[in-house]
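Remarks on the structure that follows.
The values are calculated or read from the model by the stated rules, or taken from the named source; none is laboratory data. Just so it is clear, the model here is predicted, and its values are computed rather than measured. Here the Cβ positions follow ideal geometry from the backbone for every residue, glycine too, while neighbour counts run over all protein chains shown.
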């Protein structure tokens with residue numbers, strides 16, 4: 001683990017200063033650190049603990065202009081370390097009614113802790129790894145996977161509340177906690193009729209500094225973007241201001257840098273921006289407010305209506321054939337509005353045997369954003385009996401408000417089934433909550449010998465109980481020479497088995513299938529075979545340079561991991577897990593269960609944490 005130099009330097013200075021400045025009486029209390037014959041301190045069973053009133057504790061009530069109210073809560077616990085790495089826990093027993101930043105904590109259990117110097121870490125937050133180098137602690141905080149709920153907007157931050165004590169050199173004063181995190185509050189004006197909010201993505205594309213650290217210590221795995229999950233926010237009529245709260249480690253920004261903020265809703269992908277006018281250090285224990293009053297003007301958006309959806313059942317569907325393009329790679333058919341998208345869908349269903357329009361050499365290009373009208377159920381473009389076999393270039397555009405809730409069978413996604421296809425440069429948002437089906441994904445349900453590249457899924461997927469099957473953010477199920485590159489999943493996924501942030505199930509290898517440069521940012525949950533990148537790699541597929549930033553959970557006695565839930569003969573290299581992995585068995589950061597010796601692991605990084613839930 002790399003040292004966070006400024007953090008460690010601070011503690012070294014505090015420690016040395018305390019030792020030099022202490023009285024003769026205190027010097028007698030602290031024995032030489034290399035003298036094993038001297039008696040250790042024993043930390044007391046009851047201790048008074050204070051949150052520094054000048055800092056921001058993240059579990060708080062927002063009091064507007066008056067600032068932030070700080071307090072302890074009834075279930076709060078901290079873990080005490082000595083410099084040998086031994087630990088005990090203390091739980092709150094009483095909170096001061098006049099000053100709820102002050103509380104009494106009592107030892108949990110009967111075993112006390114002895115040592116020369118102690119450090120206390122708030123335990124209710126994310127799993128924190130602490131190690132010691134020359135009696136100075138290194139803290140490893142995982143920052144990914146934050147989700148804000150409308151019912152408790154700031155409640156999510158308790159899980160990332162980075163408050164710790166400094167070196168405890170005596171017990172003659174109240175133990176005081178200091179914050180190691182900076183809190184960012186974003187005030188975003190959400191336009192009317194935006195639907196359900198799923199995500200907010202923050203990025204600094206023009207910055208040479210990766211400001212959004214996914215890991216507190218390990219700067220090698222920082223990121224220039226960050227995803228904040230949003231649940232329970234919906235507006236059908238009036239506009240309103242959304243307050244979004246995010247906790248991150250301290251960072252510095254260069255003046256002139258633009259912070260790009262993208263609000264993902266079921267109906268829209270809304271761009272915002274915030275300009276940093278001057279160089280600025282965003283320091284720990286401080287709250288910063290970013291007022292972003294309106295979203296940036298985006299490109300033109302076309303509508304997709306029920307009339308366009310009904311083209312697949314109409315005899316005159318060919319009347320809407322694109323007037324631009326001939327389908328060649330240099331002159332693709334132009335999908336310029338909803339009617340042309342409806343034509344493409346009708347083509348696949350009605351003329352599937354006519355390879356003039358539907359084969360691996362025919363090309364289509366989307367030249368505008370498409371928003372699917374409220375109340376229109378999206379019928380996947382292609383299914384097992386009518387497979388799409390062309391090449392689709394999204395050209396950086398989006399299809400939004402894709403809703404699938406009534407479908408009773410088949411593959412549920414933007415593209416239901418593809419073969420020998422190339423889908424690229426496309427983003428999709430919406431929700432898939434069907435009452436039936438077998439395979440679910442944001443971009444492609446089932447893919448055979450196809451490539452998906454530079455695609456972003458913002459679709460949340462949660463099939464109705466009893467119909468939960470394989471769910472993937474980008475692809476549900478793949479076989480043959482599947483290639484997935486530079487794709488991102490931001491959509492929260494909950495299903496049964498298997499479940500993957502990028503692809504749920506891969507099987508039946510031929511050729512040289514691989515996944516590279518893909519990232520999962522969202523929480524992924526299933527019963528077993530759950531992975532941030534792949535749920536079940538049933539056949540050999542090479543996985544490289546992929547990252548998981550989300551919380552990955554298996555509720556059953558199954559396999560769960562940040563990269564691959566269960567794998568067979570699949571080499572995994574240069575992949576990174578920054579997320580928390582939760583499972584009852586076979587839980588790991590890279591691969592939950594390795595079913596073959598040839599499933600090699602090379603140069604992967606484990607920056608997250610593993611929690612065994614049983």
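Data overview
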read-out: Strands (runs of 3 or more DSSP E) contained entirely in region 540-614, each with at least 1 residues that are under 23 Å from residue 146 (Cα atoms); value: 552-554, 564-567, 580-583, 591-594, 609-612
read-out: Any hit, region 367-375, residues being part of a loop (DSSP other than H, G, I, E, B), out of contact with any strand residue (DSSP E or B) (no Cβ under 6 Å at 6 or more places or on another chain), in contact (Cβ under 8 Å) with a residue 60 or more places away in the chain and within 24 Å of residue 461 (Cβ to Cβ); value: yes
read-out: Test result for residue 509, at pLDDT below 90 and surrounded by fewer than 24 Cβ atoms within 10 Å (Cβ to Cβ); value: yes
read-out: Residue within region 446-454 that is in a loop (DSSP other than H, G, I, E, B) and either modelled with pLDDT of 95 or more or touching a strand residue (DSSP E or B) at 6+ places or on another chain (Cβ under 9 Å) (or both) present; value: yes
read-out: Near pairs, Cβ below 9 angstrom, 6+ apart or cross-chain, from region 576-598 (over 14 Å from residue 501 (Cβ atoms) and assigned by TED's automatic domain parsing to the domain that holds residue 129) to any residue that is at pLDDT below 85 and in a loop (DSSP other than H, G, I, E, B); value: none
read-out: Failed criterion for residue 400 (all others in (1) modelled with pLDDT of 95 or more; (2) more than 21 Å from residue 469 (Cβ to Cβ); (3) within 28 Å of the chain's Cα centre (by Cα) hold); value: (1)
read-out: Residues of region 181-193 classified as part of a loop (DSSP other than H, G, I, E, B) and surrounded by fewer than 22 Cβ atoms within 10 Å (Cβ to Cβ), total; value: 3
read-out: Test set (1) more than 34 Å from the chain's Cα centre (by Cα); (2) surrounded by 20 or more Cβ atoms within 10 Å (Cβ to Cβ) - residue 126 fails condition number; value: (1)
read-out: Count - residues of region 273-304 that are at negative phi, in a loop (DSSP other than H, G, I, E, B), under 26 Å from the mean Cα position of the chain (by Cα) and touching a residue at least 24 places away in the same chain (Cβ under 8 Å); value: 8
read-out: Test for residue 494: is it under 20 Å from the mean Cα position of the chain (by Cα) and within 28 Å of residue 266 (Cβ to Cβ); value: yes
read-out: From 245, 240, 226, residue being crowded, with 19+ Cβ neighbours inside 10 Å, in the same structural domain as residue 279 (by TED's automatic domain parsing) and either at pLDDT 85 or above or over 15 Å from the mean Cα position of the chain (by Cα) (or both); value: 245
read-out: Residue 312 being modelled with pLDDT under 85, surrounded by 12 or more Cβ atoms within 10 Å (Cβ to Cβ) and either farther than 18 Å from residue 429 by Cβ or assigned by TED's automatic domain parsing to the domain that holds residue 161 (or both); value: no
read-out: Candidate set: region 494-506, residues that are in a loop (DSSP other than H, G, I, E, B) and buried (at least 24 other Cβ atoms within 10 Å of the Cβ); chosen: the one modelled with the lowest pLDDT; value: 495
read-out: Candidates 347, 341 - the one that is in a helix (DSSP H, G or I), modelled with pLDDT of 90 or more, buried (at least 19 other Cβ atoms within 10 Å of the Cβ) and over 36 Å from the mean Cα position of the chain (by Cα); value: 347
read-out: Subset of region 120-145 (residues that are part of a strand (DSSP E or B), farther than 27 Å from residue 245 by Cβ and free of Cβ contacts under 8 Å to residues at least 60 places away in the same chain); value: 132
read-out: The lone exception for residue 147 - which of (1) touching a helix residue (DSSP H, G or I) at 6+ places or on another chain (Cβ under 9 Å); (2) more than 26 Å from residue 52 (Cβ to Cβ); (3) at pLDDT below 80 it fails; value: (3)
read-out: Test: residue in region 224-241 that is without any contact (Cβ under 8 Å) to a residue 24 or more places away in the chain and either more than 21 Å from residue 371 (Cα to Cα) or in contact with a helix residue (DSSP H, G or I) (Cβ under 9 Å, 6 or more places away or on another chain) (or both); value: yes
